[in-house]
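The values are calculated or read from the model by the stated rules, or taken from the named source; none is laboratory data. These figures come from a predicted structure and were not determined experimentally. Here Cβ is always computed from backbone atoms with ideal geometry, including for glycine, and neighbour counts include all displayed protein chains.
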Amino acid sequence: MASDKNEAEWPDRLRRVLKDAGVTRVSHVPDAGHARLIGLCENDPDMVTNVLTTEEEGIAIAAGAWLGGAASVLLLQSSGVGNCINMLSLPAIGRFPLLMLVTMRGEWAEFNPWQMPMGQATQATLEAMGVTVQRADTAEDLIATVESAAALAFKADQQVAVLISQRLLGRKTW
Amino acid sequence: MVSPVPLDRRAAVAALLAGRGDLLVVAGLGSPAYDLHAAGDHDANFYLWGAMGGAALMGLGLAQARPERPVLVLTGDGEALMGLGGLATIAIAAPGNLTIAVIDNGHFGETGMQRSHTGRGLDLAAVAAACGFAEAGTVTDMAGVEALRARLRGPAEGPRLCVLKVEACNLPRSLPARDAVYLKNRFRAALGLGVN
């Protein structure tokens, strides 16, 4: 079915949206939800990717990239949002564009109770640090939402996180 | 063996920046920012007043965005220790135009001079070397600082980290602007980049 195909190919479409927004830098931690997008970006000669040891590094890299004229995206999981809290003061106080794509855990059909506290606190944590949160529950939604978020970030100097619903990512099989 | 006399941090930073040319500089919070400011304010200086652990990574993002320009990060031992994982990230990214100078007084100077990990024996240059930095060393005299300055602007096989062993003392503060939006726009304008 065409809709199933669209659902499966959202990372490909997402890379196109990011490129159209001028994104040339990608920071990421290992993440199953972002695995396909990470691979696509690593194989894209126009993208520079950085693998991080902790998510907060990506916040500082994004600020430095913008200082030098480059737009970037940070790919992370909801649990990693907690690692970013103090570093989020840097884009907030400097009005550095920040675009975060957050794959959610701790919500739809989560099997691991350890993912629940941070997953449930993700949006409140981001908002407490001044980040605008937008959320996508379907692939169609996600493409439009990332287009919006990229405009907010790179044209309006905002810090924006798009939460990618666990329902969109699919139930984790174990 | 007689221990070497620690460097004067202000003299060391001023020497590193002498004839800075097209050098882009990011300074971590606390004394490194004051040292950079004391050496002379400059449009291509970005001073952090917070975001501890972020200076070296900000330098990485900047170095990757501007591969044709040499980038210097000035950071303290305390900040470098907080961002140890960042050294791994920088080593793997392997920019050939990024130098991290750790102004190491072996203490957390901003918060009451408690002895830091380096003051208790941790060797940051060895950590950087283990991560895979192209160059990693420790400097204890002005000749070493001069030698680093001479290499700063040339390309390298990968990132450099140099620990500058300095005297633990609280110098009079030389305070840069705290307005990060101003600092950002000034820096970007120096690179010919516009304001949104």
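Considered as a group, the residues in the stretch B:63-76 that are within 19 Å of B:Lys165 (Cβ to Cβ) and touching a residue at least 60 places away in the same chain (Cβ under 8 Å) include one that is surrounded by the most Cβ atoms within 10 Å (Cβ to Cβ), and that residue is B:Leu74. Scanning the stretch A:112-147 for residues that are surrounded by 14 or more Cβ atoms within 10 Å (Cβ to Cβ), out of contact with any Ser or Thr (no Cβ under 9 Å at 6 or more places or on another chain) and outside any helix (DSSP H, G or I) yields one hit, A:Thr132. The condition of being farther than 19 Å from A:Ile143 by Cα, among the β-branched types (Val, Ile, Thr) and in contact with a strand residue (DSSP E or B) (Cβ under 8 Å, 6 or more places away or on another chain) holds for A:Val81. Of all residues in the stretch B:145-171, those being surrounded by fewer than 20 Cβ atoms within 10 Å (Cβ to Cβ) and either of a type in the set (Gly, Ala, Ser) or not in a helix (DSSP H, G or I) (or both) number 13. Restricting attention to the stretch B:57-82, the residues that are part of a strand (DSSP E or B), within 12 Å of chain A (Cβ to nearest Cβ) and among the aliphatic types (A, V, I, L, M) add up to 2. Here A:Glu55 meets the list (1) touching a Gly at 6+ places or on another chain (Cβ under 6 Å); (2) touching a residue at least 60 places away in the same chain (Cβ under 8 Å); (3) of a type in the set (Asp, Glu) almost entirely, failing just condition (2).
For the stretch B:34-54, filtering for residues that are farther than 19 Å from B:Arg149 by Cβ and within 14 Å of chain A (Cβ to nearest Cβ) leaves 10.
Might you let me know whether the stretch B:113-122 holds any residue that is more than 13 Å from chain A (Cβ to nearest Cβ) and in contact with a Ser or Thr (Cβ under 9 Å, 6 or more places away or on another chain)?
Scanning the stretch B:113-122, I find at least one residue that is more than 13 Å from chain A (Cβ to nearest Cβ) and in contact with a Ser or Thr (Cβ under 9 Å, 6 or more places away or on another chain), so the answer is yes.
Across the stretch A:14-34, the qualifying residues are those that are surrounded by fewer than 18 Cβ atoms within 10 Å (Cβ to Cβ) and at pLDDT 95 or above, and the one among them that is farthest from A:Ala151 (Cα to Cα) is A:Arg16.
Quick check on A:Ile61: is it facing another protein chain (nearest Cβ under 7 Å), assigned to a helix (DSSP H, G or I) and without any contact (Cβ under 8 Å) to a residue 12 or more places away in the chain? No: the conditions fail for A:Ile61. One residue stands out in the stretch B:172-187 among those that are touching a residue at least 60 places away in the same chain (Cβ under 8 Å), out of contact with any strand residue (DSSP E or B) (no Cβ under 8 Å at 6 or more places or on another chain) and outside any loop (DSSP other than H, G, I, E, B): the one that is surrounded by the most Cβ atoms within 10 Å (Cβ to Cβ), namely B:Ala180. With respect to the conditions (1) surrounded by fewer than 24 Cβ atoms within 10 Å (Cβ to Cβ); (2) out of contact with any strand residue (DSSP E or B) (no Cβ under 7 Å at 6 or more places or on another chain); (3) hydrophobic (A, V, I, L, M, F, W, C), A:Ala92 falls short on a single one, namely (2).
Would you be able to say whether some residue in the stretch B:23-30 is part of a helix (DSSP H, G or I), modelled with pLDDT of 95 or more and either among the aliphatic types (A, V, I, L, M) or on the phi < 0 side of the Ramachandran plot (or both)? For the stretch B:23-30, residues part of a helix (DSSP H, G or I), modelled with pLDDT of 95 or more and either among the aliphatic types (A, V, I, L, M) or on the phi < 0 side of the Ramachandran plot (or both): absent.
From the list A:Gly130, A:Gly94, A:Gly82, A:Gly119, the lone residue that is over 22 Å from A:Arg36 (Cα atoms) and either within 12 Å of another protein chain (Cβ to nearest Cβ) or in contact with a Lys or Arg (Cβ under 6 Å, 6 or more places away or on another chain) (or both) is A:Gly94.
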